[in-house]
1. Could you check the stretch 193-307 for helices (runs of 4 or more DSSP H) lying wholly inside it with 1 or more residues that are in contact with a Pro (Cβ under 8 Å, 6 or more places away or on another chain) and either charged (D, E, K, R) or free of Cβ contacts under 8 Å to residues at least 60 places away in the same chain (or both)?
2. Would you mind finding the one in Lys113, Lys159 that is touching a residue at least 60 places away in the same chain (Cβ under 8 Å) and in contact with an Asp or Glu (Cβ under 7 Å, 6 or more places away or on another chain)?
3. Restricting to the stretch 221-268, and then to whatever is open to solvent by 60 Å² or more (accessible area, probe 1.4 Å) and of a type in the set (Val, Ile, Thr), can you tell me which residue is farthest from Gln161 (Cα to Cα)?
4. In the stretch 26-45, which residues are open to solvent by 30 Å² or more (accessible area, probe 1.4 Å) and either within 14 Å of His224 (Cβ to Cβ) or assigned to a loop (DSSP other than H, G, I, E, B) (or both)?
5. Just checking, how many residues over the stretch 50-66 are open to solvent by 20 Å² or more (accessible area, probe 1.4 Å) and either polar (S, T, N, Q) or over 44 Å from the mean Cα position of the chain (by Cα) (or both)?
6. Among the residues of the stretch 389-401, is there at least one that is of a type outside the set (Val, Ile, Thr) and in a strand (DSSP E or B)?
7. Among the numbered criteria (1) free of Cβ contacts under 8 Å to residues at least 60 places away in the same chain; (2) closer than 26 Å to Asp79 by Cβ; (3) open to solvent by less than 20 Å² (accessible area, probe 1.4 Å), which single criterion is violated by Leu129?
8. Assuming Asp346 fulfils every condition listed in (1) modelled with pLDDT of 95 or more; (2) surrounded by 19 or more Cβ atoms within 10 Å (Cβ to Cβ) apart from one, which condition is it?
Amino acid sequence: MNWFKLTWLISCFLCFEIGVSQNIPSDSVIETFKLQAYLKPEVQSVLGGVQNISDAELAKYFREKFSERYFYDWKNFNDRFIAYKTAYPEAENSHAERALDHLSKFPDFAQWKLPFNYSNGLPVNAYALRHLARQHKMLDIAFYYNYQNKKDAYLSYFKNQLQSLNKALATNSYETIEDGNGVYEAFRSGYRVLNWLQIHNMFLGEKGYSDKEQLVTIATLLQHASNLYETNASFVPGNHQTRGMSALAMLSILFIDFKDSDKWYERSMQLLEAHLTKEINKDGFQFERSVHYHISDIDNYYYVYQLARNSNMNVDAFWENKLKSLFVTLTKIAYPDKSAPVFSDDTNEPWAEKNNISGALTLGYLLFADLEMGYFANNFVESDMYWYLKDTQLKMLDNIQKKVPEFKSVVFPETGYYIMRQGWNQDDKMMAISNGLDVDKPDHQHGDLLGVQAMSNGQVILPNYQVRYPLKDYEFFKNSLVKNVALVDDELQGKGYAGNQGGSGFGKFSNLPKPKTIAWSSNNNIDVYVGSHDGFENIGVTYTRQVIYLKDDFWVIKDNFKSNESHDYKQIWQGHYTFEKAPNLLRSTFNDGSGCDIYQLVATDDVKTSGTRGKEWSIISKKEKSTFSFITAIVPFKKFDDRIDEDQINPNLKGWKVNDSNWVLSGVKPLSLTKGDLSAFFSIKGLALNNIKASFSEEVDVVIKYSENNFSIQLVSENKVECNLTNNKKLKTVTLNPGQVFTVF
């Protein structure tokens, strides 16, 4: 072998050795005495050189760095814990219950690959394995350790369970991503990192947590970082990668001392920015259209943002603006009682009819000192978020500055949510309309296209329900029978349901209707939304829904069906109803005497009630029709005397007269609602009063405002039309678009 070739081989060998020493492995955990070699040269120098760094010195170094970099200073943990017990007395039982549950199910040296059994001999299923992998109840065990006067067994349990995963990694005896339940899958790994970081910080002052054991945890976290980096080379839509990249960014900030941390930071921030760009819609809503996942993304981005600020790292304005928009969105969807509607896969409280957003908006207030966020904020933070805030932020809770939001009705055009809002008084009305579908990942979408939810008088009068994946009827609660929607025959919106590979209970529809927004308009008199979807075109039916809010009074919902053949057309209304004049008047009441009347302005044929899980709904039908339109008034009332008078043929609706207008209407079956100078006309071809006449190129629905000095027409039906106007014999032809207001004079 010649000299040149030998030199080349030696150089290649040295380069390979150096390359390995500079890259933290993803498939094994570095032994603690080798960690020094992976530190950046400047850190090695500060610590006296790589050959002179002992375990004790390295552990001490990182204790000091965690004191500076983590969400709070671990040196103050005991004082913080005393304050925590005072502020959250109920937390002790919750931590104890969850800790004891985990302790009773899994040994400290756990298994990480199915099949295996709980400690009681029963089989562990895929859903339970996922929760073991997330280690969220291990955090409860860490708290339980402190509640139980720091009993060593609970600290040892954490150390041993961490080591059991490291052994499983070394022996290749853990669930992989390909199995559908990967222990190192981005979401589970990221969640585990979040929990183990908090536990590690909590235990740093404990005698039972030795220097070497602290370094074992650090080495384990570094392996997790390397794995997250290696398995997330490109963008993958959804919250799983977001959670993983949030964890990788946290690790890169907390362990910036290691050579690979710059790569981790660059990769994680690049992918998180891609998620912010692609998955936070321009209107500020998270793309999965769920409050649960929206708030989860807030947490993911918040952890990184807060740690970066703690370390005085520059955060791009794009990041800050996007994060703030997530909080602003929650204020815009809020009910008057400061809660929020239930959208798609909201899973925090199964069967709940609202979402609690005050905790998230308290966090938003502490981050941005925004007064409208302060309106929704509590004077406390959620018990889990307490540990992710600085002392200076917690002190802001003593004097929250508030401002009632100035906005009322709002729209999320990219996401497909439309909010009709009276105001912010406790008894005010609000309705949310859903007509959106994410084209890339509609996994969490429910069969509720053109579904509505509403609140009035502090009650949810038209509810939607939260779900939970492992419940046997999750698929049922994900589909149309438990939504406020319209249906045809026995067709549900969601089709082709299939559970996921991992068997956690989650599933999705392979086919959902494609939504279309035709019009949205909001003015001082009315809000109007007109939309359609193609969910019934497979059986030859076209469908549109119009929602008209006659401001401060009630809503009119018109469901339009057209077909060449006869079908049974249906509306579904969630709630517990009595049939006052079945099927055309349904009534619900609540424990404070308020209620809601659902009144059919066009006669229907039948109503049936069904229910499950303590929920109930009524299905109103018009049978054997090819073309039909429900025209339905949703009329909330504060007290009994304000209800619709069921004994009248054409009852008064909050001061609106039914079919008692001064205008002469033409059409097959025209219908009118009139109050003062406002009128809503449905299914008309023309109208006339005094010297004013209007005729339309097809049957339309319009809202007009008429007085001696003002006359305007607003088209609230689905098609663009030509309108011929005559005023004192002067003829004018105009084109009216859906939602458009045309001022005649």
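The values are calculated or read from the model by the stated rules, or taken from the named source; none is laboratory data. Please read all numbers here as calculations on a predicted model, not as lab measurements. Cβ sites come from the backbone with ideal geometry, for glycine too, and all protein chains shown count toward neighbours. SASA here: full protein model, heavy atoms, side chains in, ligands and nucleic acids out. Shrake-Rupley method; radii C 1.70, N 1.55, O 1.52, S 1.80 Å.
1. Details: elements: 211-230, 239-254, 261-279.
It comes to 261-279.
2. Details: Lys159 fails: touching a residue at least 60 places away in the same chain (Cβ under 8 Å).
Selected residue: Lys113, the only one of Lys113, Lys159 that is touching a residue at least 60 places away in the same chain (Cβ under 8 Å) and in contact with an Asp or Glu (Cβ under 7 Å, 6 or more places away or on another chain).
3. Only one residue fits best here, namely Val236.
4. Listed by number, the residues that qualify are Asp27, Ser28, Val29, Glu31.
5. Going through the stretch 50-66, the residues open to solvent by 20 Å² or more (accessible area, probe 1.4 Å) turn out to be 50-52, 54-57, 60-61, 63-65.
Right, trim to either polar (S, T, N, Q) or over 44 Å from the mean Cα position of the chain (by Cα) (or both) and you get 50-52, 54-57.
So the count comes out to 7.
6. Restricting attention to the stretch 389-401, the residues satisfying the condition of being of a type outside the set (Val, Ile, Thr) are 389-391, 393-399, 401.
Narrowing the set further to residues that are in a strand (DSSP E or B) leaves none.
Among the residues of the stretch 389-401, not one is of a type outside the set (Val, Ile, Thr) and in a strand (DSSP E or B), which makes the answer no.
7. Among (1) free of Cβ contacts under 8 Å to residues at least 60 places away in the same chain; (2) closer than 26 Å to Asp79 by Cβ; (3) open to solvent by less than 20 Å² (accessible area, probe 1.4 Å), the lone unmet condition for Leu129 is (2).
8. Answer for Asp346: the failing condition is (1).
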